[in-house]
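K.L.:
Supplied in structure tokens, the structure appears directly below.
The values are calculated or read from the model by the stated rules, or taken from the named source; none is laboratory data. Computed from a prediction, not measured in an experiment: that's the story for all the values here. Cβ coordinates were reconstructed from backbone atoms using ideal geometry, including for glycine residues, and neighbour counts include every protein chain displayed.
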Amino acid sequence: MHFITEKRLDDGVLEREFTLGEIPGILWTPGSASAPAPLILLGHPGGLHKMYPRLVARARHAAAEGFATATIELPGSGDRPRRPATEQARADLRRALAAGEPVSDEIIDALILPLVDQAVPECQATLDALLSLPEIGGPVGYSGGVISIGVRLAVVEPRIVAAGLFAGSFVPRAMFEEARKVTIPLHVLLQWDDEGNDRQAALDLFDAFGSREKSLHANMGGHTGVPQSAGDAAAQFFTRHLK
């Protein structure tokens, strides 16, 4: 891991951009901490610079509660090399949505499964690097992002002890079987009128999770209409499980 920029935000949060091999990322740490901070890995749908305003808002909110946060760019997004198969799947998805047609399982599998297979080991390598820093400690949470990445991480990464997942991305059928293996506490956010996404699939995935502690928080509105209160509830969830 190589830090390439460093700046102090106006609320005291330290923001550092880094690279891990070819992968760009950002780490935010609280302005004042007397002990290593618990870490939340922030997921997003890709395009780190495009997503930055929303990510830094989430990071600042988390820092106010004493958490460090970090995020990395997804494979094939931002400035990372494009993946021809993924680009084709995205084109097929846009075509189906524009035509008002159902999105086939084949399109969803081609779009999501290779992404999960590459992104999850990259997230684990990022955790290896971050948890070696003296200012970062466990336990670790995962928040947001492409929900299938969160599902896989919850199954295979024992350092992640709680996850706040954002429903609203396409889910391959194979991920439902993985969801049954998830046992960590879950806080799932669903926008009820999320355009272009299958509400029933999100409800079915929540039902499939094997966690004894899981809660579903549904709010009216579209994909970008998440109320401030939803962020407050998520912060309370991570405070209970990471502190």
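K.L.:
Is at least one residue of the range 87-103 modelled with pLDDT of 95 or more, of a type in the set (A, V, I, L, M, F, W, C), in a loop (DSSP other than H, G, I, E, B) and crowded, with 16+ Cβ neighbours inside 10 Å?
P.N.:
Checked against the condition, which is being modelled with pLDDT of 95 or more, of a type in the set (A, V, I, L, M, F, W, C), in a loop (DSSP other than H, G, I, E, B) and crowded, with 16+ Cβ neighbours inside 10 Å, the range 87-103 yields no hits at all.
K.L.:
Any idea which of (1) surrounded by 16 or more Cβ atoms within 10 Å (Cβ to Cβ); (2) in contact with a strand residue (DSSP E or B) (Cβ under 7 Å, 6 or more places away or on another chain) is the one residue 60 doesn't satisfy?
P.N.:
Of everything listed in (1) surrounded by 16 or more Cβ atoms within 10 Å (Cβ to Cβ); (2) in contact with a strand residue (DSSP E or B) (Cβ under 7 Å, 6 or more places away or on another chain), residue 60 misses just condition (2).
K.L.:
Any idea which residue in the range 152-167 is surrounded by the fewest Cβ atoms within 10 Å (Cβ to Cβ), counting only those that are in contact (Cβ under 8 Å) with a residue 40 or more places away in the chain and among the β-branched types (Val, Ile, Thr)?
P.N.:
161
K.L.:
Would you mind listing the strands (runs of 3 or more DSSP E) fully within the range 1-59 where at least 1 residues are at pLDDT 95 or above and aromatic (Phe, Trp, Tyr)?
P.N.:
2-8, 14-20, 23-29
K.L.:
Would you say residue 185 is in contact with a Ser or Thr (Cβ under 7 Å, 6 or more places away or on another chain) and not aliphatic (A, V, I, L, M)?
P.N.:
The answer is yes for residue 185.
K.L.:
A further question on this structure: Answer yes or no: is there a residue in the range 117-137 that is in contact (Cβ under 8 Å) with a residue 40 or more places away in the chain and β-branched (Val, Ile, Thr).
P.N.:
yes
K.L.:
Another one. Could you look through the range 13-59, keep only residues that are without any contact (Cβ under 8 Å) to a residue 24 or more places away in the chain and more than 28 Å from residue 115 (Cα to Cα), and pick out the one that is nearest to the chain's Cα centre (by Cα)?
P.N.:
Among residues in the range 13-59 that are without any contact (Cβ under 8 Å) to a residue 24 or more places away in the chain and more than 28 Å from residue 115 (Cα to Cα), the one nearest to the chain's Cα centre (by Cα) is 14.
K.L.:
How many of the residues in the range 176-214 are at pLDDT below 95 and of a type in the set (Lys, Arg)?
P.N.:
The qualifying residues number 1.
K.L.:
Return a yes/no flag: does the range 66-84 have any residue that is assigned to a helix (DSSP H, G or I) and within 19 Å of the chain's Cα centre (by Cα).
P.N.:
Taking every residue of the range 66-84 in turn, none turns out to be assigned to a helix (DSSP H, G or I) and within 19 Å of the chain's Cα centre (by Cα).
K.L.:
What is the one condition in (1) more than 17 Å from the chain's Cα centre (by Cα); (2) closer than 30 Å to residue 34 by Cα that residue 123 does not satisfy?
P.N.:
Single failed check for residue 123: (1).
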